[in-house]
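Structure first, commentary second.
We did not get these values from a lab; they are worked out from the coordinates using the rules stated. Keep in mind the model is a prediction, meaning the values are calculated, not measured. Note that we place each Cβ from the backbone using ideal geometry, even for glycine, and neighbour counts take in every protein chain shown.
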Amino acid sequence: MRNAIALISAGLDSTVSLALAKETGLQIRLGLAFDYGQKAAAAEWRQAQIIAATYEIPLQKIELPWLGQITHSALSSHSDQALPEVGIEDLDKVMSVTLDSANKVWVPNRNGLMLNIAACFADAAGDQEIITGFNAEEAATFPDNTPQFSEAMNRSLAFSTQSQTRVVSYVQHLNKIEIVQEALRLDVPLKSLWSCYLSGDSHCGRCESCNRLKRGLQAHQQSELINTLFGASNA
């Protein structure tokens, strides 16, 4: 039996990666959700619990309040920096609009820290994989979403874990439109997602993360789902 830990943020990518991992027969022993003082923490935790329950995975919250305190990232509840708004028409302007957005929401070594914490849990239990939602679309502006980052982490974990735990994303080479296609095929609970940079009852519909999800759903004519996630005013 192959066992794994999944990082569950309630976003599209981590949720579909989880579903694809389970399709291969991988046993997800534990889900980890992180609260590092991000503005979306409450909504992410609320929806992550729903997703974990859907897939019958025990879920544990890891709190890292200091991480949000040491950064000026627009994602942090301690920051007075406004969240960047990126329209659907600007999502492919990598060298200008989206790179600037990525810089404003960067959290110091966030993914590296989360993976090393997950590796502690995995190594203690002998889990073979840590499932993430790294994907091709966000890898264009976030270096810690790239295959090279996962490969570098795995070289490190080969020395720092006895279990030889590996970081794996089952959506690594997919864009959001392709990820939504897989979600529909696997009947992923898309109404339970939370991909927004803010907390609330519905997605803000203005931040980059919202509009990447919205574009993926629009490509598959998911207007009802868009209304559910974003509300009529933001759809």
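Annotation: for a label point projected 7 angstrom from Cα along Cα→Cβ of N3, residues of region 106-121 with backbone N closer than 17 Å are 118-121.
Neighbours of V171, meaning other residues whose beta-carbon lies under 11 angstrom from its beta-carbon, give a summed charge of -4 when Lys and Arg score +1 and Asp and Glu score -1.
Using 18 Å as the Cα-Cα cut-off, could you pick out the over-long pairs in K104/K176; K104/K191; K191/K214? With Cα atoms farther than 18 Å apart: K104/K176; K104/K191.
Neighbours of T146 by Cβ distance under 12 Å: Lys/Arg scored +1, Asp/Glu scored -1, total -4.
Net charge around E56, counting only other residues with Cβ within less than 14 Å of its Cβ (Lys, Arg = +1; Asp, Glu = -1)? Once all neighbours under 14 Å are counted, the net charge is +2. Inter-label distance, D201 to I62: 3.4 nm, where each label sits 7 Å from its Cα along the C-beta direction. Taken over the Cα atoms of region 56-176, the convex hull encloses 133 Å³ per residue. Under 16 Å from a label point set 7 Å out along the Cα-to-Cβ vector of A219, the amide N atoms of region 180-203 belong to 180-186. Near the amide H of V105, within less than 5 Å, lie the amide hydrogens of A74, all on another chain or at least 5 residues away, with H placed in the peptide plane. The 3J(HN,Hα) values that the Karplus relation (6.51, -1.76, 1.60; θ = phi - 60°) gives for region 38-48 are, in residue order, 6, 4, 8, 4, 5, 5, 4, 5, 4, 7, 4 Hz. Gly and Pro appear as x.
Of the GluC sites (Glu not before Pro) in region 40-86, which ones lie in a loop per DSSP and count no more than 10 other C-beta atoms within 10 Å? Those satisfying the criteria are E56. Computing Cα extents along the principal axes in Å for the structure here picks out one of (i) 50, 39, 30; (ii) 51, 43, 33; (iii) 54, 36, 32, namely (i). Every Cα-Cα pair in region 99-235 was counted, and those over 22 Å apart are 46% of them. DSSP finds beta bridges in region 3-234, and of those with both partners inside it, around 10 percent are antiparallel. Once the Cβ-Cβ distance of L99 and H173 is raised to the sixth power relative to R0 = 30 Å, the FRET efficiency obtained is 0.90. Computed from the alpha carbon atoms alone, the convex hull of region 1-135 holds 119 Å³ per residue.
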